[in-house]
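Throughout, read-outs are computed from the coordinates displayed, never taken from laboratory work. The shown structure was predicted, so the numbers you read here are calculated from the model rather than taken from an experiment. Neighbour counts run over all protein chains shown; Cβ positions are idealised from the backbone, glycine included.
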Amino acid sequence: MNKKIIILIISAMLLCSGFSFIYPDINRLKKENPQKTSFMKYREDEWRQHGRKISIRQTWRPLSGISQYLIKAVLIAEDDKFYQHEGFDFEAIQKALEKDIKQKRFKFGGSTISQQLAKNLYLSPSKNPARKLLEAFLTWRIENTLSKKRILELYLNMAEWGDGIFGIEAASLHYYGKPASALNPEEAARLASVLPNPIKYNPAGRSAYVEKRSRII
């Protein structure tokens, strides 16, 4: 299974290499903080179509200004092999594929933080195979251009945490009325627990899902 996945990723790189000029210069992300991501624009279009007046709330914070409890909670919840892999967790991908096959659905789970960052920065939320190939190519470029520290910093500042809430600083202020640097272990675990579906779940709420997942984290 791992060999097949590797071949798929290499194929994606070859397929996309001829079109790499259409993508933003990832080198710029070493020092520049993106003003708006592709996913943010997607959400804005969605809000307009439904007549919803929602504004994006986001305040950038360096990794040093984010609670270590939150950083650890997100790594545990979303990508516990973040510092060991090179963008792809093949074991997690294999498990996700086996689950999809068993349930006769294809959700393409098992995404690493690097893959999620590639999607948020440049792609739509679509889960079709073509989009996943582009995601793999962009993930490879990100991992080969940016440090792990910078990848994590970008992710935490651009992840969605609710309607119009992007980045951990905005999320921390919205849900707990405090900066991201002041989050305690319980708050950090609850914020990390909703990342798979931040629109459905409220980290400060009382849902059984959040209670259970935050305890595990």
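Do you know which residues across the stretch 177-195 are in contact with an Asp or Glu (Cβ under 9 Å, 6 or more places away or on another chain) and without any contact (Cβ under 8 Å) to a residue 12 or more places away in the chain?
The one that is in contact with an Asp or Glu (Cβ under 9 Å, 6 or more places away or on another chain) and without any contact (Cβ under 8 Å) to a residue 12 or more places away in the chain: LYS178.
Is there a residue in the stretch 120-132 that is in a loop (DSSP other than H, G, I, E, B), buried (at least 22 other Cβ atoms within 10 Å of the Cβ), of a type outside the set (Phe, Trp, Tyr) and out of contact with any Cys (no Cβ under 6 Å at 6 or more places or on another chain)?
Filtering the stretch 120-132 down to residues in a loop (DSSP other than H, G, I, E, B) leaves 123-128.
Subset that is buried (at least 22 other Cβ atoms within 10 Å of the Cβ): none.
Within the stretch 120-132 (the criterion being in a loop (DSSP other than H, G, I, E, B), buried (at least 22 other Cβ atoms within 10 Å of the Cβ), of a type outside the set (Phe, Trp, Tyr) and out of contact with any Cys (no Cβ under 6 Å at 6 or more places or on another chain)), the answer is no, since none of the residues qualifies.
ALA130: touching an Asp or Glu at 6+ places or on another chain (Cβ under 7 Å) and without any contact (Cβ under 8 Å) to a residue 40 or more places away in the chain, yes or no? Outline the logic, then answer.
Details: touching an Asp or Glu at 6+ places or on another chain (Cβ under 7 Å): no; without any contact (Cβ under 8 Å) to a residue 40 or more places away in the chain: yes.
The answer is no for ALA130.
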